[in-house]
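One structure is given here, and the rest of the page talks about it.
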Amino acid sequence: MTAAALASTVRALVARGRGILAADESSATIQKRLSSIGVVSTEENRRAYRELLFTTPGIGEHISGVILYDETLRQKTRAGNPFVTVLNGAGVLPGIKADKGAKALALSPEEKVTEGLDGLRERLKEYLELGATFTKWRAVIEIGDGLPTSCAINVNAHALARFAALSQEAGLVPIVEPEVLMDGGHDIARCQAVTEATLQGVFAALFEQRVVLEHILLKPNMVVSGSDCPTQASPGEIAERTIATFRRTVPAAVPGIVFLSGGQSEEEATRNLNAINGIASPPWQLSFSYGRALQQSVLKAWSGKADNFAAAQKAFRHRARLNGLARDGGYAAELERSAV
Ligand code: 13P
C-alpha cells in the first residue's frame with residue numbers, strides 16, 4: 001500500500017459529517033453488553049447484533065468506518081454476505097482491533113499494559129487480506145492515589161508506537177488510543193494533567209519509532225471531571241481544556257482526532273463533541289469513534305428481539321446523525337427528540 005492510499009484512508013475516516021463506530025468489543029465486553037439486555041452471548045447472537053448495526057439503511061451517511069473484532073471481521077449476514085462486503089458496499093471502511101486487551105502490569109498490579117505485539121506482523125498481514133484498511137490499539141491509563149506511574153505511561157506508549165509502526169509497514173492506518181479513564185473522584189484539572197503527560201509520552205514514542213504522523217489517527221479521551229467528582233465541568237470547560245491539552249501535545253501533522261466516549265452517556269458524548277468543535281480553527285479534524293455512545297439506545301431498542309430490528313436500526317441512525325452534526329458543531333439538544 002502506498003503513502004497515497006494511507007492518506008486517502010485517513011481522509012475518508014475523518015470526512016466532514018461522518019465518524020467511526022467502534023463495534024470491536026472483545027468477547028468478554030460484548031457479553032457484558034448483551035447480558036445488560038438479557039441476551040446470551042452466543043456466536044449467533046453476536047453475529048445477529050452486528051448484522052443489525054451494519055445493515056442499517058444509510059449507515060454510510062454519518063459513519064465513515066467501523067472497527068471490528070477478530071471474530072466479526074470473519075462473519076457474514078444471515079444471507080451469507082461477508083460483513084466486509086456489506087460495509088464496503090455502503091461506503092464504510094472496515095477496520096480491526098489489533099490489541100489483545102489490557103493486562104495487569106508486572107510489579108504495579110493496579111495498572112495495566114496492553115498486550116498483543118507478539119505475532120502482530122503476521123496477524124496484520126491476514127487482516128489486510130480479509131479487507132481491513134485500518135487498525136486500533138487501546139492503552140488504558142488509570143488515575144488514582146500516586147497513579148499513573150511514569151512506568152505505566154511509558155510502557156503503554158512504547159507498545160502503541162510498536163503497533164502503529166507495524167500497522168503502517170503493513171499498509172494499514174493505525175488508530176492510536178491512549179485512554180485516560182474517567183473512573184474516580186478526581187477533578188478535571190487532574191484529568192488534564194494526566195492526559196497531557198500521557199500524550200507527551202505517546203508522541204515521544206511515536207517519534208522515536210519513526211511513525212508517520214500524517215498517517216495516523218489519535219483516539220483520546222476528552223478532558224473531563226472524574227465520574228465520582230462532586231463538581232462536574234460544563235461542556236464549555238471540557239472543550240477549552242481538551243483543546244488546550246492537544247495544542248500542547250499533538251503535532252499539527254496529525255490529521256484527525258477521533259474521541260472515545262469512555263462511559264459518557266450518549267447525550268453527553270454528543271454535546272461535548274459539539275462544544276469541542278465550537279472552538280476556533282484547531283489544526284486537526286475532531287470527530288468521534290464511539291462504542292457505547294453509539295450503541296446504548298440501539299441495544300435497548302433491540303433487546304434481542306427480531307421484531308425490534310427496524311426500531312433498533314432507527315435508533316442507530318438517529319445517534320449517528322446527531323454525532324455527524326456534532327462533529328461539525330451543528331448539534332442542538334432539541335434535535336434529540338427529532339425524528340430520523
Ligand atoms: P467507548 O466509546 O465505549 O469508550 O468505546 C470506544 C472504544 O473503541 C474503546 O476501545
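A few remarks follow.
- Cβ-derived FRET efficiency at R0 25 Å, Thr29 paired with Asp328, nearest 0.05: 0.25
- Of the accessible area of the chain, computed with a 1.4 Å probe over protein heavy atoms only, carbon and sulfur atoms account for 52 percent.
- Once the 1.4 Å probe is applied to the protein heavy atoms, the chain comes out at 41 Å² accessible per residue.
- Listed residue (Thr77, Gly101, Thr114) projecting farthest to the positive dipole end of the chain, Cβ model: Thr77
- Nearest-20 debye value, the range 214-276 charge dipole, Cβ charges on Lys, Arg, Asp, Glu: 260 debye
- Around the Cα centre of the chain, unit charges on the Cβ atoms of Lys, Arg, Asp and Glu (plus for the first two, minus for the last two) sum to a dipole of about 900 debye.
- Size of electric dipole in the range 16-84: Cβ of Lys, Arg +1 and of Asp, Glu -1, about Cα centre, debye, nearest 20: 120 debye
- The C-alpha radius of gyration of the range 1-44, expressed as a fraction of 2.2 N^0.38 Å, stands at 1.79.
- Residues whose amide H falls under 5 Å from that of Ile141, counting only those 5 or more places apart or on a different chain, are Glu179, Val180, Leu181, with hydrogens built in the peptide plane.
- Highest-fluctuation residue, Val39, Val194, Val140 considered, GNM on the chain with Cα pairs under 10 Å: Val39
- Selection from Ser281, Val194, Leu260, by position along the positive dipole direction of the range 193-317 (Cβ): Leu260
- With 5 Å bins beginning at zero, the pair-distance distribution over Cα atoms of the range 112-212 amounts to 2, 13, 24, 21, 16, 11, 7, 4, 1, 0 %.
- Fraction of alpha-carbon pairs over 18 Å apart in the range 159-236 - percent: 47 percent
- Its relative contact order, with pairs defined as Cα atoms under 8 Å and 6+ residues apart, puts the chain at 18 percent.
- Here the simple spin-label model places points 7 Å from the Cα toward Cβ, and for Cys151 and Asn45 these points are separated by 4.0 nm.
- Once divided by 2.2 N^0.38 Å, the Cα radius of gyration of the chain becomes 0.93.
- Applied to the range 58-74, the Karplus parametrisation 6.51 cos²θ - 1.76 cosθ + 1.60 on θ = phi - 60° returns per-residue 3J(HN,Hα) values of x, 3, x, 5, 10, 10, 9, x, 10, 8, 9, 9, 3, 4, 5, 4, 9 Hz, with x for Gly and Pro.
- In this simple spin-label model, placing a label point 7 Å from the Cα along the Cα-to-Cβ direction at both Ala79 and Ser108 gives a separation of 5.1 nm.
- Relative pair counts by distance (%), Cα atoms of the range 202-340, 10 Å bins: 11, 37, 31, 16, 4, 0
- GNM top mover of Gly291, Gly91, Gly19 - the chain, alpha-carbon springs below 10 Å: Gly91
- In the range 98-143, GluC sites (Glu not before Pro) in a DSSP loop with at most 16 other beta-carbon atoms within 10 Å: Glu115
- Ordering Leu34, Ala23, Thr56 by Cα displacement along the dipole of the range 23-78 toward the positive end leaves Leu34 in first place; charges were set at the Cβ atoms of Lys, Arg (+1) and Asp, Glu (-1).
- Taking every DSSP beta bridge that has both ends in the chain, the antiparallel portion is near 15%.
- For the range 93-152, the Kirkwood radius over C-alpha pairs fed into Stokes-Einstein at 37 °C and 0.692 mPa s yields D = 252 µm² per second.
- The slack in the chain from Arg247 to Glu71, taken as 0.36 nm per residue of separation less the alpha-carbon distance, amounts to 59.6 nm.
- Take the Cα of Arg11, step 7 Å toward its Cβ, do the same at Glu267, and the gap between the two points is 3.9 nm.
The values are calculated or read from the model by the stated rules, or taken from the named source; none is laboratory data. Keep in mind it's a predicted model, so treat the numbers as computed, not measured. All Cβ positions, glycine included, derive from the backbone under ideal geometry; neighbour counts span all protein chains shown. Areas reflect the complete protein model, heavy atoms only, side chains present, ligands, DNA and RNA absent. Shrake-Rupley method; radii C 1.70, N 1.55, O 1.52, S 1.80 Å.
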